[in-house]
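Contents: one structure, followed by commentary.
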Amino acid sequence: MSSDIANPTPITAYIALGANLGPREQNLHAALEKLTASSGIKLAKIAPFFANAAVGGPADSPPFLNTAAQIATTLPAHELLALLLQIEQELGRVRTQRWGPRTIDLDLLIYGDQIINTPGLIVPHPLMHERLFVLQPLAQIAPDLVHPLLKKTIQQLLQALKSAAPRTDQPLK
């Protein structure tokens, strides 16, 4: 067994977190705690929480609380995604409606500089550059991070989106 396999070099990855059912802030903290307690994950940075109107779901959906996290991980991308889905399930996420209300939502946004396009996983996240509720918190912790496909920084993507859409996000203090 080579040393690279026994001690893989950590990859920097970024995760979006959101919740709009139940105690939203508590749900986000619980997800972050579960990430921190997971083998192969080291939490590096957490963005402030932002309150946002629900996007894409039912018109009467409650507002979301969103954040982003930077992690260092030795897990392969598909294993990291499986862990995120497991944490969602442990925290009561039930998938009944696309973009419907949820206790927790964890999305793998970026995994190093890798471009992954498989039936179960697309990285970078295919809609992240269109979502203010993703870019706003991500820009707080990684403004100079370059999107592997679009070749623009998160700050540039955020500015472009802000200039094209009305602002619906509010940082929580």
Open item on the list: Please list log₁₀ I(q)/I(0) at q = 0.16, 0.17, 0.24, 0.25 Å⁻¹ for the range 10-57, using the Debye equation with identical point scatterers on the alpha-carbon positions.
Closed with: -0.53, -0.59, -1.00, -1.06
- [ ] Taking a cut-off of 17 Å between Cα atoms, list the lysines near K162, but don't count ones fewer than 8 places away on the same chain.
- [x] K152
- [ ] Please turn the phi angles of the range 67-83 into ³J(HN,Hα) values with the Karplus equation 6.51 cos²θ - 1.76 cosθ + 1.60 (θ = phi - 60°), one per residue in order, whole Hz, x for glycine and proline.
- [x] 8, 9, 9, 9, 10, 10, 9, 9, 7, x, 3, 5, 5, 4, 4, 4, 5
Open item on the list: Could you sort the peptides 108-114, 140-146 by per-residue average Cβ neighbour count (10 Å cutoff), highest mean leading?
Closed with: 108-114, 140-146
TODO: Over the range 3-171, calculate the relative contact order: mean separation of alpha carbon pairs under 8 Å at least 6 apart, over the residue count, as a percent.
DONE: 28
Task: Shape box of the range 3-171 [Cα atoms, principal axes, largest first, Å] - done: 52, 35, 30
TODO: Would you mind estimating how fast the range 115-167 diffuses translationally, via Stokes-Einstein at 20 °C and 1.002 mPa s with the Kirkwood radius over Cα pairs, in µm²/s?
DONE: 187
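Bear in mind these aren't lab numbers, they're just calculated from the coordinates by the rules spelled out. Nothing here was measured: the structure is a model prediction, and the numbers come from that model. We place every Cβ from the backbone using ideal geometry, glycine too, and count neighbours over all the protein chains shown.
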